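Notes to accompany the following structure.
Please treat every number below as a calculation from the coordinates, not as lab data. The structure presented is a predicted model; accordingly, all values stated were derived computationally and were not measured. Cβ placement follows ideal geometry from the backbone for every residue including glycine, while neighbour counts extend to all protein chains displayed.
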């Protein structure tokens with residue numbers, strides 16, 4: 001292993017040069033003008049996998065942008081790991097806020113600046129580097145490795161579900177390894193073992209056929225905004241708990257072990273609030289901030305509108321009021337069941353003086369890995385060795401729909417081992433990659449492959 | 001009196017021709033392009049008052065459009081009545097919805113169609129007609145009459161308060177007679193003895209410095225829309241009562257006599273709801289619909305906005321949320337005191353996790369005449385005789401700020417005797433005047449002047 005790590009140390013600059021080549025291609029998936037760049041980027045990855053000696057290298061087309069596949073499966077009896085990543089990047093606007101051109105990668109201080117530096121080309125190339133060292137030093141990786149690198153993650157992975165369903169044999173694996181998340185903070189390498197799900201609806205309330213004069217009608221006609229605010233306000237009690245019947249029935253509760261683990265993580269409430277300009281934090285009573293953020297369901301009104309919104313005063317009772325409502329869900333909460341519960345509850349509490357229409361718009365399941373799984377322990381040990389510091393177990397409050405989908409369709413365990421940092425401006429101007437994380441991350445991955453190879457195939 | 005009424009009957013067509021002349025002038029006060037028409041209209045009224053033989057006829061300039069004044073004060077010892085009206089009209093858009101040009105008055109069936117036909121030129125000309133008959137038959141009116149006809153009612157009477165304050169002597173009167181309201185329905189001539197007041201505020205809630213990802217922050221950060229809906233919803237209880245401390249302290253309650261009077265008025269709940277397309281009516285428990293509409297304060301959210309309002313789903317926790325809030329007040333509720341109470345209450349219930357800003361925007365007092373006053377009885381009798389049917393006492397849910405202002409500044413009693421009908425499209429396309437109301441209204445006014453002349457000056 002020391003020889004392998006020495007090889008990483010020796011070649012880290014050339015790994016970085018490889019990454020820079022990829023970062024020069026503006027593979028913005030949302031912009032049709034960059035279609036040729038998407039093809040160039042997919043070709044670059046195919047070529048790279050070929051050069052490393054991967055088999056079955058292919059560009060799998062979809063109705064959108066293609067994904068790149070390759071495998072090195074020469075370790076019969078050993079587990080197979082599918083490494084998922086994406087080669088597409090976010091748009092660069094507002095371009096004027098970049099301090100250097102986004103597709104001319106440049107090292108300044110201890111960071112590499114470019115769009116895609118951390119999300120996700122940088123992390124894809126860390127895996128390519130770790131694999132390259134294994135091949136150079138030991139002729140092949142210690143276990144069976146497959147890569148699937150898609151081109152539509154930044155536009156919602158719209159066609160990736162079909163691709164996976166249509167290529168189950170090709171993608172079959174014991175573990176799915178994804179490096180596309182962020183570490184808690186610098187110096188805290190970690191594994192993300194839980195993600196929240198999502199249910200999203202639009203609510204439309206109608207009180208009359210047209211706007212009314214609040215003097216001539218106020219007092220006897222239901223005001224759709226008053227009604228909607230009353231309905232929405234009733235969905236959470238004073239302790240921050242959602243009041244929709246059945247909402248918590250299936251939610252996985254936080255175990256004592258997990259509570260202990262999360263309690264040990266650093267979370268500075270004042271620093272967190274200051275960073276976003278919030279006067280104070282708030283949340284569901286009886287839970288720590290990290291639990292509220294990662295392990296408890298939420299209910300947020302994402303948008304609301306109705307009536308007069310211009311300057312000045314207009315004494316109108318509007319005909320309609322509207323809101324967008326979403327819930328972040330925790331594992332085992334089925335978003336479709338939740339959506340039905342919310343719908344039934346909203347209809348039940350709608351007064352007869354208005355009409356309501358509810359449109360389910362969007363949804364996804366949460367994800368929760370067993371924190372005692374051998375793979376997570378293997379990853380924890382690898383990160384501790386690679387970074388020279390203890391690794392932590394974290395969850396994320398957001399949703400990554402492909403994670404539960406991959407786990408289910410391929411019947412495999414997902415490992416989320418990300419090397420981004422919260423302040424590395426993913427999706428924002430001056431996106432950058434921390435070079436120490438890049439180096440220590442590759443070292444960790446080299447060890448992780450070894451650790452996973454020692455597990456039994458699932 | 002019969003000679004007088006005969007004169008009205010004989011000349012009603014020529015009175016209508018007089019009105020048509022006025023209706024041909026597009027005196028739209030909100031449109032600077034119609035400035036010359038405003039002058040023409042004021043001149044027409046001055047000429048008319050001169051021709052009738054009024055004294056001190058003058059056009060009183062303001063910072064906006066002028067008002068026209070004239071007086072016939074040759075009845076020492078008799079009361080003085082100040083007749084208020086306005087010669088400006090609303091814009092005509094949407095012009096395509098008119099079935100005939102708005103400034104080419106035309107009789108079709110039993111109605112006269114034109115912008116201003118009922119609001120308020122038609123009603124001003126009813127007074128001019130009634131006075132003309134008095135002068136023709138008896139050489140002068142039976143009491144002292146002053147006219148003040150302003151040109152900015154449709155744009156909020158912005159400069160009228162100053163004009164009244166600066167001309168208190170000139171305008172001094174015992175009674176202020178205003179014909180600019182509507183009857184309950186055809187066949188129900190009446191006096192409007194109460195108007196609601198108004199307090200209007202804007203509320204701005206801020207939770208963070210910029211919009212946040214609902215996955216990364218949902219659960220620990222206050223969502224300004226959630227907070228605002230909760231605050232707004234708490235302002236009314238389940239019985240429709242406003243919960244702001246002190247809100248009802250000064251409100252004049254409905255007396256048993258008034259309750260009885262209002263209960264006798266026709267109000268068809270289903271017809272009312274159908275007309276506006278409302279599934280059902282609703283209101284403060286314990287009161288009849290007319291009481292809720294006219295004699296009880298309300299609280300309406302006139303507008304609300306925040307977060308994502310476009311098509312689709314965006315998982316954002318918005319930085320800000322906003323609402324416009326207004327309350328219709330009943331007599332004795334001081335809008336400035338109410339505004340302070342609302343402000344204090346909103347601040348008191350604002351959680352520490354957000355910042356709030358509240359901007360008072362607008363307000364006005366309500367108005368309530370004593371239903372037993374001799375002037376109201378005089379008007380009731382005049383209407384009954386003029387229309388040949390019993391007159392009713394009604395209130396209105398809207399606000400007319402000049403009414404309490406005139407009553408206070410001139411220390412006089414206001415009489416609201418209006419001849420419009422709810423379906424005569426004031427402010428809308430195809431505004432029209434009911435010719436039977438025009439005729440019977442003039443008869444009623446002729447009698448009303450006589451009845452008022454028999455009262456003692458206040």
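Things to note:
- As a calculated quantity, the FRET efficiency between residue A:1 and residue A:74 at R0 = 25 Å, using C-beta atoms, amounts to about 0.80.
- Each of the peptides A:229-242, B:420-433 was scored by the mean count of other Cβ atoms within 10 Å over its residues; in descending order, highest first, they stand as B:420-433, A:229-242.
- Kirkwood analysis of chain A, using all unique Cα-Cα pairs, places the hydrodynamic radius at 24.0 Å.
- From the alpha carbon centroid of the range A:199-248 to that of the range B:56-104 is 43 Å.
- Summed over all non-identical Cα pairs, the Kirkwood treatment of the range A:320-375 gives a radius of 13.8 Å.
- Full-extension gain in nm, residue B:40 to residue B:361, via 0.36 nm per residue minus C-alpha separation: 112.1 nm
- Calculated on alpha-carbon atoms, Rg and Dmax of the range A:177-249 in Å: 21.7, 65
- The long axis of helix B:35-52 is offset from the longest Cα principal axis of chain B by roughly 40 degrees.
- Efficiency of FRET from Cβ geometry, residue A:347 and residue B:352, R₀ 25 Å, rounded to 0.05: 0.15
- Debye equation applied to the C-alpha atoms of the range A:1-75, log10 I(q)/I(0) at 0.13, 0.16, 0.17 Å⁻¹: -0.52, -0.73, -0.80
- Kirkwood analysis of the Cα pair distances in the range B:118-182 returns a hydrodynamic radius of 13.5 Å.
- 7 Å along Cα→Cβ, label-point gaps from residue B:186 to other copies, nm, shortest first: 8.2
- Ordering of A:370-377, A:173-180, A:358-365 by burial proxy (mean other Cβ atoms within 10 Å per residue, highest first): A:173-180, A:358-365, A:370-377
- Reduced Cα scattering model of the range B:268-310, Debye log10 I(q)/I(0), q = 0.17, 0.30, 0.34 Å⁻¹: -0.64, -1.12, -1.17
- Translational diffusion coefficient (Stokes-Einstein; Kirkwood radius from C-alpha pairs) of the range B:94-224 at 4 °C, 1.567 mPa s, in µm²/s: 63
- Measuring nothing but how far apart in sequence close Cα pairs (under 8 Å, 6+ apart) lie, relative to its length, the range A:296-383 scores a relative contact order of 27 percent.
- Cα pair count fraction exceeding 14 Å, expressed as % - the range B:411-458: 63
- Full-extension gain in nm, residue B:107 to residue B:185, via 0.36 nm per residue minus C-alpha separation: 26.0 nm
- Angle of helix B:374-387 to the longest C-alpha principal axis of chain B, folded into 0 to 90 degrees and rounded to 10: 70°.
- Kirkwood-Stokes translational diffusion coefficient of the range A:40-139, alpha-carbon pairs, 37 °C, 0.692 mPa s, µm²/s: 211
- Chain B, relative contact order in percent, only Cα pairs under 8 angstrom and at least six apart counted: 26
- With the label put 7 angstrom out from Cα along the Cα-to-Cβ vector, residue A:76 ends up 13.1 nm from the copy partners, going from closest to farthest.
- Radius of gyration and Dmax over the Cα atoms of the protein assembly as shown, both given in Å: 37.8, 124
- Nearest-ten-degree value, helix A:335-349 long axis tilted from longest Cα axis of chain A: 10
- For the range A:89-121, the residues whose backbone nitrogen is under 19 Å from a point 7 Å from the Cα of residue A:435, taken along Cα to Cβ, are A:99-119, A:121.
- The range A:401-458 versus the range A:310-335: alpha-carbon centroid distance in Å: 36
- FRET E, pair residue B:100, residue B:454, Förster distance 45 Å, beta-carbon r, rounded to 0.05: 0.55
- With N the number of residues in the range B:250-332, Rg(Cα) / (2.2 N^0.38 Å) evaluates to 1.58.
- Site pair residue B:33 and residue B:21 shows an inter-label distance of 2.8 nm when each label is modelled 7 Å from Cα along Cα→Cβ.
- Pairwise label distance in nanometres, residue A:267 with residue A:61, each label 7 Å out on the Cα-Cβ vector: 4.8
- Judged by the gyration tensor of its Cα atoms, with axes a ≥ b ≥ c, the range B:382-444 is oblate; a/c meets the 1.5 cut and b/c is at least as large as a/b.
- Sorted by Cβ density within 10 Å, fewest first, the residues B:395, A:206, B:108, B:24: B:108, B:24, A:206, B:395
- The range A:331-449 - convex hull of alpha carbons, volume per residue in Å³: 163
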